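The values are calculated or read from the model by the stated rules, or taken from the named source; none is laboratory data. Given the structure is predicted, the values throughout are model-derived calculations rather than measurements. Cβ atoms come from the backbone with ideal geometry, glycine included; neighbour counts cover every protein chain shown.
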């Protein structure tokens, strides 16, 4: 159960455009931001960072950046963000069969070698302590240019904030990510943890 109750999205009318960013990403305004709106400038700042990191004009596919976020969240242990990132990946065009094979990424034909190394990097970068080393970075450089690496690490880092926020707040998981988590992630041990009311 959440430590702090989310407020209605109508509580802070000046955040309507900021909330619309996340309705586009997820199909709803997440409880994390409904809680955060107690400090509207934080929501606005986070919205701007999200737009910059998840910029559809970047050279890393917008849907794949959500898979990167999923792996970083898995490394951090945030089950709220694990489910959210997969919902966002599907909305941004990642095919269902790829989402459903996400934890077989090393062997699944749905993933390229470039994607595999980026996902390895996301796991290492999202870990505490950080597990990125020179060998992994060299492997990443074989497939991605420096601008793309900045985008990839941007997605990891964006979700690093969310991982800490949602796990500390025990943010309640909304229905659509909970359903996706139960269907796709539960075979790998996902339960929703503190984010699902018992």
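Starting from the stretch 125-148, take each residue that is at pLDDT 95 or above and list its partners that are part of a loop (DSSP other than H, G, I, E, B), counting only C-beta distances under 6 angstrom and pairs at least six apart or across chains. As it stands, the answer is 125/132; 148/59; 148/60, since those pairs meet every condition given. Residue 34 meets each of the listed conditions (1) in contact (Cβ under 8 Å) with a residue 60 or more places away in the chain; (2) farther than 29 Å from residue 140 by Cβ apart from (1). Of (1) outside any loop (DSSP other than H, G, I, E, B); (2) in contact (Cβ under 8 Å) with a residue 12 or more places away in the chain; (3) surrounded by fewer than 15 Cβ atoms within 10 Å (Cβ to Cβ), residue 59 satisfies all except one. Which? All conditions are met except number (1). Residue 67 - would you say it is modelled with pLDDT of 95 or more, in a helix (DSSP H, G or I), within 12 Å of the chain's Cα centre (by Cα) and more than 29 Å from residue 12 (Cα to Cα)? Against the criterion (modelled with pLDDT of 95 or more, in a helix (DSSP H, G or I), within 12 Å of the chain's Cα centre (by Cα) and more than 29 Å from residue 12 (Cα to Cα)), residue 67 qualifies.
So that you can scan it fast, the table gives a plain yes or no per residue for (1) more than 12 Å from the chain's Cα centre (by Cα); (2) loosely packed, with under 14 Cβ neighbours inside 10 Å:
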| position | (1), (2) |
| --- | --- |
| 79 | no, no |
| 88 | no, no |
| 94 | yes, no |
| 109 | yes, yes |
| 116 | yes, no |
| 134 | yes, yes |
| 151 | yes, no |
| 179 | yes, yes |
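When residue 135 is tested against the conditions (1) touching a helix residue (DSSP H, G or I) at 6+ places or on another chain (Cβ under 9 Å); (2) more than 19 Å from residue 58 (Cα to Cα), the lone failure is (1).
Here is a yes/no grid of residues against (1) out of contact with any strand residue (DSSP E or B) (no Cβ under 6 Å at 6 or more places or on another chain); (2) more than 15 Å from residue 73 (Cα to Cα); (3) outside any helix (DSSP H, G or I):
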{"site": "88", "(1), (2), (3)": "yes, no, no"}
{"site": "108", "(1), (2), (3)": "yes, yes, yes"}
{"site": "123", "(1), (2), (3)": "yes, no, no"}
{"site": "157", "(1), (2), (3)": "yes, no, no"}
{"site": "177", "(1), (2), (3)": "yes, no, no"}
{"site": "181", "(1), (2), (3)": "yes, no, no"}
{"site": "191", "(1), (2), (3)": "yes, no, yes"}
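Would you confirm, using the coordinates I've provided, whether residue 52 is buried (at least 23 other Cβ atoms within 10 Å of the Cβ) and under 18 Å from residue 151 (Cα atoms)? No, not satisfied. For the stretch 96-106, filtering for residues that are in contact with a helix residue (DSSP H, G or I) (Cβ under 7 Å, 6 or more places away or on another chain), surrounded by 16 or more Cβ atoms within 10 Å (Cβ to Cβ) and in a loop (DSSP other than H, G, I, E, B) leaves 1. Quickly run through the stretch 20-56 and pick out the residues that are in a helix (DSSP H, G or I), touching a helix residue (DSSP H, G or I) at 6+ places or on another chain (Cβ under 7 Å) and closer than 14 Å to residue 174 by Cβ. Within the stretch 20-56, 22, 25, 26, 32, 33, 35 meet the criteria. One residue stands out in the stretch 138-148 among those that are in contact with a helix residue (DSSP H, G or I) (Cβ under 6 Å, 6 or more places away or on another chain) and assigned to a helix (DSSP H, G or I): the one that is nearest to residue 119 (Cα to Cα), namely 140.
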